[in-house]
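The structure appears right after this line, and notes come after that.
The values are calculated or read from the model by the stated rules, or taken from the named source; none is laboratory data. Just so it is clear, the structure is predicted and the values come from calculations on it, not from any experiment. Neighbour counts run over all protein chains shown; Cβ positions are idealised from the backbone, glycine included. Calculation scope for accessible area: heavy atoms of the full protein, side chains included, ligands and nucleic acids excluded. Shrake-Rupley method; radii C 1.70, N 1.55, O 1.52, S 1.80 Å.
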Amino acid sequence: MSTATMTLFHNTASPFVRKVLVFLHETGQLDRVALETVALSPTSPNAAVIANNPAGKIPALRLADGALLHDSRVIVDYIDHQHVGEPLIPRDGASRWRRLTLASLADALLDAALLIRYETFSRPQEKHWADWLDGQQAKIIRALGEFEEAASAELASRFDVASIGVACALGYLDFRQPNLAWREQFPQLAAWYAEVSQRPSMLATQPPV
Ligand code: 99T
């Protein structure tokens with residue numbers, strides 16, 4: 001019998017959902033959550049998601065008492081408060097703010113990559129705005145540059161909110177921008193990612209092929 005008391009609005013293509021799933025894996029709470037898979041985009045929203053989250057976005061997590069949490073930052077914080085082991089989000093001190101800032105940069109990379117995805121996938125070709133796409137891609141490259149600096153010490157030091165965010169962001173780049181060839185430009189980041197992508201939590205949550 002299922003022991004799940006919570007429901008996660010979910011899609012395997014979403015790197016934001018993946019962060020939540022990796023947190024659940026890493027904290028041993030996977031069996032507490034049932035997955036409700038939904039398909040959605042800004043131009044084809046999902047009614048069940050909108051009924052729960054006015055922003056119409058996933059992940060959203062329904063708790064046992066019916067309360068609804070979104071977005072991924074709020075959900076991973078909640079999950080991190082639900083287990084007894086070492087927190088994946090440092091509770092205080094300078095490390096809290098540094099790890100959350102790295103995690104935020106990973107989200108910013110994802111926001112840029114998702115805007116590119118929606119612009120190129122959902123909008124007709126003749127309406128694509130090249131300067132705007134270039135501006136989003138530049139954000140991605142700058143973020144990768146900062147992660148390259150952080151790879152061998154800060155990211156390698158532990159697999160927490162920062163490292164999980166960066167790992168899921170890199171997985172999404174490989175999924176949606178397979179020709180980017182970021183590994184040549186950022187070799188330390190590539191080496192770090194090759195290692196962490198073998199973790200069971202990462203292997204179990206890969207985007208679709
Ligand atoms: O924007 C929409 O209407 C629907 N998009 C989403 O729900 C995406 C799915 S990733 N989720 C977010 O943008 C969540 C961002 C939020 N700040 C968070 O949870 O952290 C879809 C990826 C793909 O299909 O390529």
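Would you mind stating whether residue 183 is in contact with a helix residue (DSSP H, G or I) (Cβ under 8 Å, 6 or more places away or on another chain), within 13 Å of the ligand (Cβ to nearest atom), open to solvent by 80 Å² or more (accessible area, probe 1.4 Å) and not acidic (Asp, Glu)?
no
Inspect the range 25-42 for any residue being within 30 Å of residue 142 (Cβ to Cβ), crowded, with 16+ Cβ neighbours inside 10 Å and β-branched (Val, Ile, Thr) and give the result as yes or no. No, the range 25-42 has no match at all. Against the conditions (1) farther than 29 Å from residue 77 by Cβ; (2) open to solvent by 40 Å² or more (accessible area, probe 1.4 Å); (3) among the aliphatic types (A, V, I, L, M), residue 133 satisfies every one except (2).
Among the residues of the range 157-209, how many are part of a helix (DSSP H, G or I) and within 14 Å of the chain's Cα centre (by Cα)?
Looking only at that region, the number is 18.
When residue 149 is tested against (1) open to solvent by 50 Å² or more (accessible area, probe 1.4 Å); (2) of a type in the set (Asp, Glu); (3) in contact with a Ser or Thr (Cβ under 8 Å, 6 or more places away or on another chain), only condition (3) is not met.
Closer than 18 Å to residue 191 by Cβ and either touching a Lys or Arg at 6+ places or on another chain (Cβ under 7 Å) or open to solvent by 30 Å² or more (accessible area, probe 1.4 Å) (or both): does that describe residue 138? Judged against the criteria, residue 138 is not a match. The conditions of being in contact (Cβ under 8 Å) with a residue 12 or more places away in the chain, part of a helix (DSSP H, G or I) and of a type in the set (Lys, Arg) are met by residue 117.
Restricted to the range 51-79, and to residues that are in a strand (DSSP E or B) and either surrounded by 15 or more Cβ atoms within 10 Å (Cβ to Cβ) or not hydrophobic (A, V, I, L, M, F, W, C) (or both), which residue is farthest from the ligand (Cβ to nearest atom)? Let's see the steps before the verdict.
Step one: of the range 51-79, the residues in a strand (DSSP E or B) are 60-62, 68-69.
Keeping just the survivors that are either surrounded by 15 or more Cβ atoms within 10 Å (Cβ to Cβ) or not hydrophobic (A, V, I, L, M, F, W, C) (or both) gives 60-62, 69.
Details: 60: 8, 61: 10, 62: 15, 69: 10 Å.
Of everything passing the filter in the range 51-79, 62 is farthest from the ligand (Cβ to nearest atom).
More than 12 Å from the ligand (Cβ to nearest atom), aliphatic (A, V, I, L, M) and either farther than 30 Å from residue 150 by Cα or out of contact with any helix residue (DSSP H, G or I) (no Cβ under 7 Å at 6 or more places or on another chain) (or both): does that describe residue 39? So residue 39 does not fit the description; no.
Looking at the range 15-32, can you tell me whether even one residue there is away from the ligand (no atom under 12 Å from the Cβ), under 18 Å from the mean Cα position of the chain (by Cα), assigned to a helix (DSSP H, G or I) and free of Cβ contacts under 8 Å to residues at least 40 places away in the same chain? Yes, that holds for at least one residue. Residue pairs whose Cβ atoms lie under 6 Å apart, sitting 6 or more positions apart in sequence or on different chains, and linking a residue in the range 80-103 that is open to solvent by 40 Å² or more (accessible area, probe 1.4 Å) to a partner that is modelled with pLDDT of 95 or more, are 96/90.
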